[in-house]
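**Student:** This structure is in structure tokens; I'll ask about it shortly.
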Amino acid sequence: KNQYYGLAIAFTVIAGAYGAGAVSGGCFNPAVALGIDVSSAGLGFGWCAPYIVFELAGAALAAVLFKVVRPEDFGGEKSAATELVSEFLGTYMLVLTVGLNVLGKSKAGAFSIAASLTSMIYALGDVSGAHFNPAVTVAILASGRCPDLTPAKAGTYIGTQIAGGVAAAFTYAFIHKGATFALGPVGDSTWAGVSVAEILYTFVLCFVVLSVAVSERTKASHLFGLAIGSCVTVGGFAIGGISGGSLNPAVSFGIAAAQVLNGGFFYKALIYSVLEFAGGAAAAGVFKVTHEVDVAVPEDKITA
């Protein structure tokens, strides 16, 4: 039903290979596991068996969750709970990919994290809108262009996203035997630098979301996921060495919550979140100015 399924599927491999590759090698496919085991039989054989079991278990879990988020495909009806499961799942996979890349010292973390976000947007965009970020939810709410997103609904989205981020953070800590990492200025960066960096690049992310997924005039029917995911790549490379490039309160809450296990301070997540919400609100304000034509011109007269 779409023209981006190949991109979405391929990006899951990029996300997982760089994220989990340092832990398991990143097979994700019984055929790959068996092929590697057979080709290296001279060094020992048999590890493909548990890999195949785990991969089939993952496939079964995917099938179950697919039925949960798409009940209408199986004779059911979509509900508010369906949307919240979608937001939890997308945010969980995003934050898990962040943590695994950082702890695995990936050389392509920004690409891997962006690939994770892109894939989950394509997978769940038509279920919940694929916000996966409280700052994005605030930006869409403040834009006033999504009547279905009420303040109450936005609140449930934000709570679910933060819960997904925290759950993911404890998952990556478990995978890496309790290892975590801190949230805060990187190296000799200052909080002033962090403030500017997080506000500006969260602004970029939220403004692009509004422009390619919300605006009636400029929304992209196929490349919206890639455009949004690319903002994470840009932000990761541009400010990763300054603030870490969180750009997402769910990421900030998750990182800080897990770091508490190793003596970290949770208050930094609150500082980051304020900055990120400010970036989202600013994006909504600018969007209202730059895309005023969306409401000035009747929808049936807008041409691509």
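**Student:** Separation of region 22-36 and region 135-149 by C-alpha centroid, Å?
**Tutor:** Answer, in whole Å: 41.
**Student:** Charges at C-beta only: +1 for Lys and Arg, -1 for Asp and Glu. How large is the resulting dipole of region 166-304 about its Cα centre, in Debye rounded to 20?
**Tutor:** Dipole of region 166-304, to the nearest 20 debye: 280 debye.
**Student:** To continue, here is another question. Counting only GluC sites (Glu not before Pro) that sit in a DSSP loop (anything but H, G, I, E, B) with at most 16 other Cβ atoms within 10 Å, what is the longest stretch of the chain containing none of them?
**Tutor:** 78-215
**Student:** Can you give me the % of accessible surface on the chain that is carbon or sulfur? Probe 1.4 Å, all protein chains present, nothing else counted.
**Tutor:** In the chain, the share of accessible area belonging to carbon and sulfur is 69 percent.
**Student:** Filter the chymotrypsin sites (Phe, Trp or Tyr not before Pro) in region 1-48 down to the DSSP loop ones having no more than 16 other Cβ atoms within 10 Å, then list what survives.
**Tutor:** In loop regions of region 1-48 (DSSP not H, G, I, E or B), the sparsely surrounded chymotrypsin sites (Phe, Trp or Tyr not before Pro) are 45, 47.
**Student:** With the Cα gyration tensor of region 54-97 giving a ≥ b ≥ c as the square roots of its eigenvalues, does the rule (a/c under 1.5 for rounded; else a/b larger than b/c for prolate; else oblate) give rounded, prolate or oblate?
**Tutor:** Taking the square roots of the gyration eigenvalues as a ≥ b ≥ c, region 54-97 is oblate.
**Student:** When the gyration tensor of region 187-237 is built from Cα positions, what are the square roots of 5 times its three eigenvalues, in whole Å, from largest to smallest?
**Tutor:** Output for region 187-237: semi-axes of 27, 11, 4 Å.
**Student:** Right, another one. Angle between the Cα long axis of helix 109-128 and the longest principal axis of the chain, 0 to 90 degrees, nearest 10?
**Tutor:** 60 degrees
**Student:** Assuming a ≥ b ≥ c are the square roots of the Cα gyration tensor eigenvalues, decide whether region 145-301 counts as rounded (a/c under 1.5), prolate (otherwise, with a/b larger than b/c) or oblate.
**Tutor:** It comes out prolate by the Cα gyration axes.
**Student:** If you place +1 on the Cβ of every Lys and Arg, -1 on the Cβ of every Asp and Glu, and leave all else neutral, what size is the dipole of region 33-161 about its Cα centre, to the nearest 20 Debye?
**Tutor:** In debye, rounded to 20, region 33-161 gives about 360.
**Student:** Provide the per-residue ³J(HN,Hα) series for region 265-281, in order, calculated from phi with Karplus coefficients 6.51, -1.76, 1.60 and θ = phi - 60°, each as a whole number of Hz, with x at glycine and proline positions.
**Tutor:** 10, 6, 4, 4, 5, 5, 5, 4, 5, 4, 5, 5, 5, 5, x, x, 5
**Student:** Still on this structure: Would you mind getting me the FRET efficiency between residue 288 and residue 23? Use the beta-carbon distance for r and R0 = 30 Å, nearest 0.05.
**Tutor:** 0.10
**Student:** Distance from a point 7 Å along Cα→Cβ of residue 191 to each backbone N in region 236-279: keep the residues under 11 Å and list them by number.
**Tutor:** Under cut-off, by backbone N: 268, 271-272.
**Student:** What is the distance, in nm, between label points placed 7 Å from the Cα along the Cα-to-Cβ direction at residue 170 and at residue 227?
**Tutor:** It is 3.8 nm.
**Student:** Treating the beta-carbon of each Lys and Arg as +1 and of each Asp and Glu as -1, no other charges, what is the dipole magnitude of the chain about its Cα centre, to the nearest 20 debye?
**Tutor:** The dipole of the chain has a size of about 380 debye.
**Student:** Given that compact globular proteins tend to follow 2.2 N^0.38 Å, what is the ratio of the alpha-carbon Rg of region 20-74 to that value?
**Tutor:** Computed over Cα atoms of region 20-74, the ratio equals 1.46.
**Student:** Still on this structure: Sort 57-64, 111-118 by the packing proxy (mean of other Cβ within 10 Å over each peptide's residues), most packed first.
**Tutor:** Peptide ranking by packing, descending: 111-118, 57-64.
**Student:** Tabulate in residue order the Karplus-calculated ³J(HN,Hα) for region 12-29, using 6.51 cos²θ - 1.76 cosθ + 1.60 with θ = phi - 60°, rounded to whole Hz; enter x for Gly and Pro.
**Tutor:** Using θ = phi - 60°, the values come out as 5, 5, 4, 4, x, 5, 6, x, 9, x, 6, 9, 10, x, x, 6, 6, 7 Hz.
**Student:** Can you give the percent of C-alpha pairs in region 1-99 whose distance is more than 20 Å?
**Tutor:** Across region 1-99, Cα pairs with separations above 20 Å total 53 percent.
**Student:** Which whole-number percent gives the relative contact order of region 53-191, counting Cα pairs below 8 Å spaced six or more residues apart?
**Tutor:** This gives 29 percent for region 53-191.
**Student:** Which residues make up the longest stretch of the chain that has no trypsin sites (Lys or Arg not before Pro) in a DSSP loop with at most 11 other Cβ atoms within 10 Å?
**Tutor:** Answer - 178-304.
**Student:** Cα axis of helix 134-143 to longest principal axis of the chain: angle in degrees, 0 to 90, nearest 10?
**Tutor:** 20 degrees
**Student:** Please state the shape class of region 58-205: rounded when a/c is under 1.5, otherwise prolate if a/b exceeds b/c and oblate if not, all from the C-alpha gyration tensor.
**Tutor:** Oblate shape, in that a/c is at least 1.5 and b/c is the bigger or equal ratio.
**Student:** Follow-up question, since we're still on this one. Once you place label points 7 Å from the Cα toward the Cβ at residue 31 and residue 146, how far apart are they in nm?
**Tutor:** Using points 7 Å along Cα→Cβ, the separation is 3.7 nm.
**Student:** Further question on the same structure: Given contacts defined as C-alpha pairs under 8 Å and at least six residues apart, what's the relative contact order of region 1-127, whole-number percent?
**Tutor:** Worked out over region 1-127, it gives 41 percent.
**Student:** Which one is right for this structure if Rg/Rh (Cα atoms, Kirkwood Rh) is calculated from it: (i) 0.99; (ii) 1.08; (iii) 1.17?
**Tutor:** (i)
**Student:** Report the extension gain between residue 13 and residue 70 in nm, rounded to one decimal, defined as 0.36 nm multiplied by the number of residues separating them, less their alpha carbon distance.
**Tutor:** 18.2 nm
The values are calculated or read from the model by the stated rules, or taken from the named source; none is laboratory data. Since the model is a prediction, treat every value here as computed from it, not as a measurement. Note that each Cβ is placed from the backbone with ideal geometry, even for glycine, and that neighbours are counted across all protein chains shown. The area values use the complete protein model at the heavy-atom level, side chains included, leaving out ligands, DNA and RNA. Shrake-Rupley method; radii C 1.70, N 1.55, O 1.52, S 1.80 Å.
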